[in-house]
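Take a look at the structure set out below.
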Amino acid sequence: MMYLKIPKSRIGALIGKHGEIKKELESRSGVSISIDSQEGDVVIDDTRADPVMALKARDFVRAVANGFSPQRAWRIFREDVYFEVVDIKEFVGKKENRIRVLRGRIIGKNGKTRRIIEELSGASLSIYEYSVAIIGSYTQVEIAKKAVEMLLRGSKHATIYHFLEKKRREMKYSALEYYYIQ
């Protein structure tokens, strides 16, 4: 059994219209899920499920709780896709103004910074309340996480963009190298 607490505002997204998302999650993962919509408690019964699928179900719930739409969170069920959360409070404490400023730095003007991080790393980002959630392959998650942490530590946007472009080139080179070795 796994127990999670999710924001009440995200319960509807997890259940879906007429319970469609919840049913699909149970079907894909083989777990049984119960949701207390008053408290935001989610219980995942994984006793009859494949342990890997149970962990994917947990990560799916965490992704939706951290602001991802279920449509974007389904990516977690692909092989070699991971989920990571960066807690903004670890960088500034509980100062609401600083948290708001840092969220703004990650999102950027009209969403530009977030879009660039997603495009150059290949990962998906969700900035919600006090966290930045990331979905992608191991390499994509690590690159996006590093970029987000650099922003949270105060690095200039141009520095982050250069870092991302360099990593993108390295990923393309590695992919080509892998292709030619095969």
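The values are calculated or read from the model by the stated rules, or taken from the named source; none is laboratory data. In this text, all values refer to a predicted model and were calculated from it rather than measured experimentally. Counting neighbours? That spans all protein chains shown, and the Cβs are built from the backbone with ideal geometry, glycine included.
Being in contact with a strand residue (DSSP E or B) (Cβ under 9 Å, 6 or more places away or on another chain), within 24 Å of Arg72 (Cα to Cα) and among the small types (Gly, Ala, Ser) is true of Gly136.
Quick one: which strands (runs of 3 or more DSSP E) sit completely within the range 27-111 and have at least 2 residues that are closer than 30 Å to Ala158 by Cα?
Numbers: elements: 32-36, 41-45, 82-87.
Of the strands (runs of 3 or more DSSP E) lying wholly inside the range 27-111, those with at least 2 residues that are closer than 30 Å to Ala158 by Cα span 82-87.
From the set of residues in the range 1-59 that are among the β-branched types (Val, Ile, Thr) and closer than 15 Å to Pro70 by Cβ, which is surrounded by the most Cβ atoms within 10 Å (Cβ to Cβ)? Only one residue tops the list, namely Val42.
If you go through the range 136-148 and keep only what is farther than 12 Å from Ile117 by Cα and either assigned to a helix (DSSP H, G or I) or hydrophobic (A, V, I, L, M, F, W, C) (or both), you end up with Tyr138, Thr139.
Looking only at the range 163-177, decide whether some residue is more than 23 Å from Ile6 (Cα to Cα), in contact (Cβ under 8 Å) with a residue 40 or more places away in the chain and exposed (fewer than 15 other Cβ atoms within 10 Å of the Cβ).
Applying the first criterion (more than 23 Å from Ile6 (Cα to Cα)) to the range 163-177 yields 163-177.
Applying the additional criterion that residues be in contact (Cβ under 8 Å) with a residue 40 or more places away in the chain yields 164-165, 167-168, 171.
Now restrict to residues that are exposed (fewer than 15 other Cβ atoms within 10 Å of the Cβ): 165.
Checking the range 163-177: at least one residue is more than 23 Å from Ile6 (Cα to Cα), in contact (Cβ under 8 Å) with a residue 40 or more places away in the chain and exposed (fewer than 15 other Cβ atoms within 10 Å of the Cβ).
Being closer than 23 Å to Ile107 by Cα and modelled with pLDDT of 95 or more is a property that Ile76 has.
For the range 49-73, the candidate set comprises residues that are closer than 19 Å to Asp36 by Cβ and hydrophobic (A, V, I, L, M, F, W, C); within that set, the residue that is farthest from the chain's Cα centre (by Cα) is Ala57.
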